[in-house]
Each structure stands twice: as C-alpha cells, then as structure tokens.
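S.K.: Structure provided below as structure tokens; questions to follow.
The values are calculated or read from the model by the stated rules, or taken from the named source; none is laboratory data. These figures come from a predicted structure and were not determined experimentally. Neighbour counts are summed over all protein chains in view; Cβ atoms, including those assigned to glycine, are modelled from backbone coordinates with ideal geometry. With ligands, DNA and RNA removed, areas are computed over all heavy atoms of the protein, side chains included. Shrake-Rupley method; radii C 1.70, N 1.55, O 1.52, S 1.80 Å.
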Amino acid sequence: MSYIDGFVIAVPTANRQQFIDHARHFDAMFLELGALRVVEGWGDDVPDGKLTDFRRAVQATADETVAFSWVEWPDKATRDAAMKKMREDPRMDPATPGNPPIPFDGKRMIFGGFETVVDVKP
C-alpha cells in the first residue's frame, strides 16, 4: 500500500494561474524524489457545512477558492527521505531567483500524512 500526503489551502481566486505555476514547479520535485503521483484540485463544488467544512478549515474568504491536493508515495520511508531533501533544496526557497512566489497564505494550509488502508480500483 502507498502513503499519501494531503493538503488543503485557500488560494485567492485571482491567483489561480499562479497556483498552477507554483504547483507545477513543486510537483516536479515530488516526482523527482520518488512520488508516484501528484494531484492538484481547484475547488468547484465546495459547499458550506452546518458544523464544519473545507472553507472554514482554512479560513477561506469570499474571494478565495479552496484547493485540495495530494501526493502519493510508494511508502512512508520514501516520503520522509524526500521531505528531508526538499527542506534542504534551494528550489523550495521563494527568495531564490527563478522560484515562483507562494500564491496563498501558507499559515492557513492544513496537511497531513496518511497510511493507505483501503485502495479500490476498477
């Protein structure tokens, strides 16, 4: 079974293309370091809940769209090694010339690592 990193963020709707450019930059690094798959989702049908919801989880404002992303790794060890390398890689530093700016407020991002327990395929 694989290992999944999941991310939910609020992105200013006007920054959609910057989000895509930012994702392509970093997603290539995930793949280079052993990720099997990276998926970036742009909120399309993200309803308000009665108690909680995606928008509240990241304190999204009316001019922001919720993005939901995940990275699939072959296992947690590969993910842990990749994350260590990424923290040390200058391509991660938004101050490094040529790196895309961060198009969202990273302090409101929620994320976590998940062990796959069920994987249903057709």
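S.K.: Can you give me the distance in nm between label points at ASP119 and ALA77, each placed 7 Å from the Cα along the Cα-to-Cβ direction?
M.R.: 1.6 nm
S.K.: Okay, next question. So what is the accessible area of the chain per residue, in Å², with the probe set to 1.4 Å?
M.R.: Heavy-atom accessible area per residue stands at 64 Å².
S.K.: Now for a different question. Measure off, as a whole percent, the carbon and sulfur share of the 1.4 Å-probe accessible area of the chain, all protein chains present.
M.R.: Values: 4590 of 7870 Å².
Answer for the chain: carbon and sulfur cover 58 percent of the accessible area.
S.K.: Among rounded, prolate and oblate, which fits region 3-115 when a ≥ b ≥ c are the square roots of the eigenvalues of its C-alpha gyration tensor, a/c under 1.5 means rounded, and a/b larger than b/c means prolate? Provide the component values of the computation, followed by the final result.
M.R.: Details: a/c = 2.17, a/b = 1.35, b/c = 1.61.
Oblate is the answer for region 3-115, as a/c is 1.5 or above yet b/c matches or exceeds a/b.
S.K.: Sticking with this one: Would you kindly derive the ³J(HN,Hα) couplings of region 56-70 from the backbone phi angles with the Karplus curve 6.51 cos²θ - 1.76 cosθ + 1.60 (θ = phi - 60°), listing them in order in whole Hz, with x for Gly and Pro?
M.R.: So the J values, rounded to whole Hz, are 5, 4, 10, 6, 5, 8, 4, 9, 10, 10, 7, 10, 10, 9, 8.
S.K.: Roughly how big is the chain's charge dipole about its Cα centre, with Cβ charges of +1 (Lys, Arg) and -1 (Asp, Glu), in debye to the nearest 20? Mind showing how you got there, number by number?
M.R.: Numbers: 15 positive and 20 negative charges, 38 e Å.
I would put it at about 180 debye.
S.K.: If the cut-off is a Cα-Cα distance under 14 Å, which aspartates and glutamates reach LYS76, setting aside same-chain residues fewer than 8 apart in sequence?
M.R.: Counting by Cα, and skipping residues close in sequence, LYS76 has these aspartates and glutamates nearby: ASP5, GLU115.
S.K.: Sequence gap at least 6, Cα distance under 8 Å: using those rules, report the relative contact order of the chain to the nearest whole percent. Each step should come with its number before you reach the end.
M.R.: Details: 192 pairs, mean separation 58.7, N = 122.
For the chain, the relative contact order is 48 percent.
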